[in-house]
């Protein structure tokens with residue numbers, strides 16, 4: 001029974017951390033691009049839907065790296081097109097970081 005409780009607590013904590021990561025990432029995107037958080041959707045493309053230019057995307061990536069203490073390699077950053085992809089990558093990097 002104890003093992004099950006510890007196991008469930010681990011996943012509850014992980015869910016909370018991922019929720020916090022998502023919230024922080026959305027706030028960064030909102031502040032950087034001037035789009036209200038409630039208007040951001042996972043399928044929003046940074047350039048097409050949110051009007052970001054390439055410099056703003058570079059700034060976003062750098063801010064993600066600083067805020068979450070992760071590294072996003074250039075080849076990965078170039079493939080991130082949507083809000084959802086950015087959040088997924090950040091969550092994965094934070095999870096791997098431990």
For this session: Keeping to the stretch 23-40, report how many residues are in a loop (DSSP other than H, G, I, E, B) and either within 21 Å of residue 65 (Cα to Cα) or in contact with a strand residue (DSSP E or B) (Cβ under 8 Å, 6 or more places away or on another chain) (or both).
Result: 3
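Quick check on residue 65: is it within 13 Å of the chain's Cα centre (by Cα) and surrounded by fewer than 12 Cβ atoms within 10 Å (Cβ to Cβ)?
Numbers: within 13 Å of the chain's Cα centre (by Cα): yes; surrounded by fewer than 12 Cβ atoms within 10 Å (Cβ to Cβ): no.
Spelling it out, it is not the case that residue 65 is within 13 Å of the chain's Cα centre (by Cα) and surrounded by fewer than 12 Cβ atoms within 10 Å (Cβ to Cβ).
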For this session: Output the qualifying pairs, or none if there are none: Cβ atoms under 6 angstrom, residues six or more apart or on different chains, first residue in the stretch 21-49 and more than 12 Å from residue 86 (Cα to Cα), second residue modelled with pLDDT of 95 or more and not in a helix (DSSP H, G or I).
Result: 33/50; 33/52; 35/50
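What helices (runs of 4 or more DSSP H) lie completely within the stretch 44-98 and have 3 or more residues being within 17 Å of residue 21 (Cβ to Cβ)?
Numbers: elements: 54-68, 74-77, 83-97.
Because the criterion is at least 3 residues that are within 17 Å of residue 21 (Cβ to Cβ), the helices (runs of 4 or more DSSP H) in the stretch 44-98 that meet it are 54-68, 83-97.
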Seminar exercise, completed: Conditions (1) at positive phi; (2) in contact with a helix residue (DSSP H, G or I) (Cβ under 6 Å, 6 or more places away or on another chain) -> residue 63 fails only (1)
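Right, residue 2: modelled with pLDDT under 95 and either under 17 Å from the mean Cα position of the chain (by Cα) or surrounded by fewer than 10 Cβ atoms within 10 Å (Cβ to Cβ) (or both) or not?
yes
The values are calculated or read from the model by the stated rules, or taken from the named source; none is laboratory data. Remember, predicted model here, so these are calculated numbers, not experimental data. Here the Cβ is made from the backbone with ideal geometry for all residues, glycine too, and neighbour counts use every protein chain on show.
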